[in-house]
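**Student:** Could you have a look at this structure, given as structure tokens, before my questions?
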Amino acid sequence: MPTILIKTPDEIESMRATCRLAAQTLKMIEPYVQPGVTTQKINDLCHEFILDNHAKPSPLNYRGFPKSICTSINQQVCHGIPGSRVLNSGDILNIDVTTYLNGFHGDTNKTFHVGIPSPKGLRITEIAKKCLEVGIRAVRPKGFFGDIGAAIETLALKHKCSVVREYCGHGIGRDFHEEPAVLHYGVAGTGAGLKPGMIFTIEPMINLGRAEIRLLPDKWTVVTKDHSLSAQFEHTILVTPTGFEVLTDLDGEYIH
Ligand code: MF3
Ligand code: CO
Ligand code: CO
């Protein structure tokens, strides 16, 4: 039985602050996502912004991860390491930001188009974004974690895309990765119950081709086995007495 923490009102306020900063970092970096820019430059700008805001980037040195954010391009699924790679027009780039502020982690990611989007790039990012949205809208007290995974998997399969199974969303708070693992596939009405005060991420990785993945020799970067494009979006979600609050939603996209 996993221990899923119920956050207190004070803890929830702290989570709102760190999640707001993570979302602001993604917003800050958007204009820099252009052809000719390296992923290292994007890393450095995010790193400085997070430190300027009295926080730390959670990924840096997390289990040996060498950089401050994850940058995953095209067929890279997640955990790409920023470096000398130069962005090209038509690339899709996921930037995953996690901040550690006043003892709490906030986690969000988004897939950006570099320059002029390709038709396949447009398609997979739109589907991945909708998969996150249906997952979020399945969150309600008295519901189940399986409701989230079922909603996501159903939508992905409807579009003939696939859901990566090896990596999941996660509880989050004082620890970067808390219980439970939030599966992006499954059966409605199964799994642990959703209760007000639970905070976790939903972060489906959706592939244009098959679901299978491989790990690159750098031991971090996850890629699609068939080299198909992969896109991901992530938010940190609070279960409320009436439904959900998206703590990393700066723009009020997910008011319910
Ligand atoms: N931010 C990722 C997540 O959504 C985790 C990155 S772990 C790292 O859970 F070590 F690669 F940074
Ligand atoms: Co996460
Ligand atoms: Co993340």
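**Student:** About its Cα centre, how strong a charge dipole does the chain have in debye, to the nearest 20, once Lys and Arg get +1 and Asp and Glu get -1 at the Cβ?
**Tutor:** Dipole size: approximately 580 debye.
**Student:** Taking trypsin sites (Lys or Arg not before Pro) that fall in a DSSP loop and have at most 11 other Cβ atoms within 10 Å as cut points, what is the longest piece of the chain between them?
**Tutor:** Free of exposed loop sites, the longest segment is 1-141.
**Student:** ³J(HN,Hα) across region 198-206 via Karplus (A = 6.51, B = -1.76, C = 1.60, θ = phi - 60°), whole Hz, x for Gly/Pro?
**Tutor:** 6, 10, 7, 9, 10, 8, x, 9, 10
**Student:** Around Ser68, with a cut-off of 10 angstrom between Cβ atoms, what is the net charge of the other residues, counting Lys and Arg +1 and Asp and Glu -1?
**Tutor:** Combined, the nearby Lys, Arg, Asp and Glu give 0.
**Student:** Right, here's the next one. Would you look at the GNM of the chain, springs on alpha carbons closer than 10 Å, and say which of Asp52, Asp147, Asp91 moves the most?
**Tutor:** The residue with the greatest mean-square fluctuation here is Asp52.
**Student:** To continue, here is another question. Long-range amide H contacts for His184: which residues qualify at under 5 Å (H placed 1.01 Å from N, peptide plane, sequence gap of 5 or more or a different chain)?
**Tutor:** Gly169
**Student:** Taking H placed 1.01 Å from N in the peptide plane, check which residues at least 5 places from Met198 or on another chain put their amide H under 5 Å from its amide H.
**Tutor:** Amide H neighbours of Met198, under 5 Å, 5+ apart: Lys7, Val239.
**Student:** Right, another one. Which of these, His54, His105, His170, has the largest mean-square fluctuation under a Gaussian network model of the chain (Cα springs below 10 Å)?
**Tutor:** His54
**Student:** Through the Karplus equation 6.51 cos²θ - 1.76 cosθ + 1.60, θ set to phi - 60°, convert the phi angles of region 76-86 into ³J(HN,Hα) values in whole Hz; use x for Gly and Pro.
**Tutor:** So the Karplus estimates, Gly and Pro as x, are 6, 8, 5, 6, x, 9, x, x, 7, 4, 9 Hz.
**Student:** Longest span of the chain, sites excluded, free of GluC sites (Glu not before Pro) in DSSP loop with at most 15 other C-beta atoms within 10 Å?
**Tutor:** The answer is 1-165.
**Student:** I want the local charge near Asp107. Using Cβ-Cβ distances under 10 Å, sum +1 for each Lys or Arg and -1 for each Asp or Glu among the other residues.
**Tutor:** -3
**Student:** I'd like to know which of Leu21, Cys46, Pro2 lies farthest towards the positive end of the charge dipole of the chain, counting +1 on Cβ of Lys and Arg and -1 on Cβ of Asp and Glu.
**Tutor:** The residue sitting farthest along the positive end of the dipole is Pro2.
**Student:** Sticking with this structure for a sec: To the nearest 20 debye, what charge dipole does region 14-100 have about its Cα centre, counting +1 at the Cβ of each Lys and Arg and -1 at the Cβ of each Asp and Glu?
**Tutor:** The calculated dipole for region 14-100 is roughly 220 debye.
**Student:** Between Leu216 and Lys56, how high is the FRET efficiency from 1/(1 + (r/R0)^6) when r is the Cβ-Cβ distance and R₀ = 22 Å? Nearest 0.05.
**Tutor:** For Leu216 and Lys56, the calculated efficiency is 0.25.
**Student:** Could you give the size of the charge dipole of region 55-119 about its Cα centre, using +1 on the Cβ of each K and R and -1 on the Cβ of each D and E, expressed in debye and rounded to the nearest 20?
**Tutor:** 160 debye
**Student:** So, one more: Farthest toward the dipole's positive end in region 83-221, which of Asn207, Gly173, Pro141, given Cβ charges of +1 (Lys, Arg) and -1 (Asp, Glu) about the Cα centre?
**Tutor:** The residue sitting farthest along the positive end of the dipole is Asn207.
**Student:** If you take the charge dipole of the chain about its Cα centre, with +1 on Lys and Arg Cβ and -1 on Asp and Glu Cβ, which of Phe112, Leu247, Thr98 is farthest toward its positive end?
**Tutor:** Of Phe112, Leu247, Thr98, it is Phe112.
**Student:** For the chain, what's the relative contact order in percent, using C-alpha pairs closer than 8 Å and at least 6 residues apart?
**Tutor:** Value for the chain: 22 percent.
**Student:** Related question: Testing the spin-label approximation: label points 7 Å from Cα along Cα→Cβ at Asp175 and Tyr32. State their distance in nm.
**Tutor:** 3.2 nm
Where a number appears in this text, it was derived from the coordinates with a stated rule and is not lab data. From a predicted model like this one, the values you see are computed outputs, not experimental measurements. Virtual Cβ from ideal backbone geometry, glycine too; neighbours counted across all protein chains shown.
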